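Structure, as C-alpha cells:
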Amino acid sequence: MTAPDARTATDRTVAAVWRMESARITGALTRLVHDFGTAEELAQDALLAALEQWPVTGVPDRPGAWLMATARNRAVDLIRRERRYSDRLAELGRRLDTEPPPQPEDLVLDAEPIEDDVLRLVFTACHPVLSAEARAALTLRVVGGLRTEEIARAFLTAETTVAQRIVRAKKTLARAAVGYEVPEGPELAGRLASVLEVLYLIFNEGYAATAGDDWMRPALCEEAMRLGRVLAGLMPAEAEVHGLVALMELQASRTPARTGPDGAAVLLPDQDRSRWDRMLIHRGFTALERARTADPPGPYTLQAEIAACHARAATAEATDWVRIAALYAALAQRAPSPVVELNRAVAVSMAFGPAAGLDLADRLAALPALREYHLLPVVRGDLLARLGRHPEAAAEFGRAAAMTRNTREREVLLGRAEAERARG
C-alpha cells in the first residue's frame with residue numbers, strides 16, 4: 001500500500017471511530033467541564049490529534065479509548081489553566097491525588113444506564129430553556145454526530161436556519177448554566193416528548209441516510225435503540241417510550257434485507273422477509289404490548305402498530321393495507337404532518353387503488369415543506385407507474401434522483417426512471 005493510500009485508509013478509520021464514539025466523548029467531557037461548546041472543542045482537538053498521529057504511529061488497539069483519554073487530558077489541562085475553575089480544579093486535584101492517571105486501556109465507555117453520559121447529554125440538550133427545534137437540532141449534532149446539512153434535511157429546513165439554531169442553543173445553555181444531568185420527577189416527564197422526537201430522528205438518519213455513499217448507518221440506529229431501551233428502563237410506566245422502542249426494533253428488523261449482495265438498496269416490497277431479524281421482531285412485539293396500555297395510543301405507538309402489520313405479513317401481498325390506512329388516518333389526527341399525509345397516500349393506494357392514493361399525493365404537491373422532499377416525487381412516480389402513465393412516472397423518478405443526496409438511493413431512482421422510459 002502506498003503512503004497516500006495508507007493515509008486515506010487511516011483517515012477513514014478515524015472518521016468511522018469518531019462517528020461511533022463522538023457522543024460518548026462529548027458527553028464525558030460535558031460532565032467534566034459543564035459546557036457544551038467547550039466539550040465539543042476539546043473533543044475536536046482529540047480528533048485532530050488522531051488525524052495527525054495515527055498515520056505515523058498506527059491506529060491504537062482501542063481507538064475510542066485513545067480518543068477519550070486524549071480529550072480528557074486536554075480537559076484537565078484546560079481546567080488547570082483557567083483560574084475561574086478553581087473549585088472544579090480542587091475537586092479534580094483530589095481525584096488525581098487518590099487515583100492513578102487514566103490510561104486508554106483503563107477507560108470504560110459503557111456505563112450503567114442511570115450514569116450514561118450519552119443519556120445525560122440528550123436530556124441536557126432537550127432542556128426546556130431551548131425551543132423544540134433547537135433541542136432536536138442540538139442533540140442530533142452533539143449526540144448523533146450529524147452534519148448541519150443532514151439535520152436540515154431531517155427537519156425539512158434550510159441549512160442556515162439549523163446552523164443558527166445550534167449556535168444559539170449552545171449559547172443559551174451556557175448562559176442558563178444548565179446542569180448536566182438526567183432530571184427527576186415531573187421535570188423528567190416534561191422533557192420526555194422532546195427526547196423521544198430526537199431519538200427517532202437519530203434512528204431515521206441511520207435507517208435511511210440523507211447523504212453519502214451508504215444506504216444506512218447502522219451505528220446510529222443501534223445507538224438510538226440503546227438509548228430508547230435505557231429510557232424504557234428509567235420510565236417503565238410511560239407507554240410512548242415503549243411505543244418508540246417497538247417502532248425502532250420493528251423497523252430495524254428489516255436491515256439485513258434492505259441491501260443486496262452488491263450493496264444496492266432493496267425496497268420493502270422486494271425484500272426477502274426470511275432475512276428479517278426475528279429477534280428484533282420479537283422484541284418489538286413485546287415492547288408494543290407494553291405500549292398498548294395508553295388510550296388513546298400515542299404517535300409512536302400508532303407507528304409501531306403500522307410496522308407490526310408489515311412484520312406479521314409473510315409476504316408483501318399478505319400485508320393488511322386496509323388496517324395500515326386506518327392507522328395512518330388515526331396518526332394524521334393525533335400528529336398531523338405533511339409526511340404522515342404522504343405515507344397515508346401510499347397506504348390508501350395499496351388498500352383502495354393507485355388513483356385514490358394519487359389524488360391525496362397531488363394535494364400535497366403545493367406544500368412548501370415538501371417542495372424539496374424527494375419522497376414526494378418517488379410516491380407520485382410509483383402511483384403513476386401503477387396507473388400505466390410511464391413517461392410521467394419516469395419524469396418523477398428522475399426529479400427525485402436529482403433531489404436526493406444519497407448515492408445508493410440515487411442509483412435506485414435513476415434505474416426506475418430508465419425502466420419507466422422503456423415501458424413508455
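Listed values, structure above:
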{"read-out": "Criterion: assigned to a helix (DSSP H, G or I), surrounded by fewer than 17 Cβ atoms within 10 Å (Cβ to Cβ) and not hydrophobic (A, V, I, L, M, F, W, C) - qualifying residue of Asp362, Asp382", "value": "Asp362"}
{"read-out": "Residues satisfying the stated conditions in region 365-379, i.e. in a helix (DSSP H, G or I) and buried (at least 16 other Cβ atoms within 10 Å of the Cβ)", "value": "Leu370, Leu375, Leu376, Pro377, Val378, Val379"}
{"read-out": "Output for region 304-325, where each listed residue is buried (at least 16 other Cβ atoms within 10 Å of the Cβ), in a helix (DSSP H, G or I) and not charged (D, E, K, R)", "value": "Ala304, Ile306, Ala307, Ala308, Cys309, His310, Ala311, Trp321, Ile324, Ala325"}
{"read-out": "Any chance Glu289 is modelled with pLDDT under 90 and part of a helix (DSSP H, G or I)", "value": "no"}
{"read-out": "Test for Val17: is it in contact with a Ser or Thr (Cβ under 9 Å, 6 or more places away or on another chain) and at pLDDT 80 or above", "value": "no"}
{"read-out": "Only listed residue being closer than 21 Å to Pro256 by Cβ and polar (S, T, N, Q), chosen from Ser337, Ser274", "value": "Ser274"}
{"read-out": "Among the candidates Gly424, Gly353, residue that is over 30 Å from Ile151 (Cβ atoms), surrounded by fewer than 21 Cβ atoms within 10 Å (Cβ to Cβ) and touching a Pro at 6+ places or on another chain (Cβ under 6 Å)", "value": "Gly424"}
{"read-out": "Index of the failed condition, Val167 passing every other in (1) surrounded by fewer than 16 Cβ atoms within 10 Å (Cβ to Cβ); (2) over 24 Å from Leu146 (Cβ atoms); (3) at pLDDT 90 or above", "value": "(2)"}
{"read-out": "Contacts under 8 angstrom Cβ, first residue in region 242-262 being free of Cβ contacts under 8 Å to residues at least 60 places away in the same chain and not assigned by TED's automatic domain parsing to the domain that holds Ala219, partner polar (S, T, N, Q) and in a helix (DSSP H, G or I), 6 or more apart", "value": "His242/Thr301"}
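Condition check ((1) among the basic types (Lys, Arg); (2) closer than 28 Å to Arg147 by Cβ; (3) within 23 Å of the chain's Cα centre (by Cα)) across all residues:
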{"residue": "Arg380", "(1), (2), (3)": "yes, no, no"}
{"residue": "Ala385", "(1), (2), (3)": "no, no, no"}
{"residue": "Arg389", "(1), (2), (3)": "yes, no, no"}
{"residue": "Met403", "(1), (2), (3)": "no, yes, yes"}
{"residue": "Arg410", "(1), (2), (3)": "yes, yes, yes"}
{"residue": "Arg416", "(1), (2), (3)": "yes, yes, no"}
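The values are calculated or read from the model by the stated rules, or taken from the named source; none is laboratory data. Just so it is clear, the structure is predicted and the values come from calculations on it, not from any experiment. In this analysis, Cβ positions are derived from the backbone assuming ideal geometry, glycine residues included, and neighbour counts consider all displayed protein chains.
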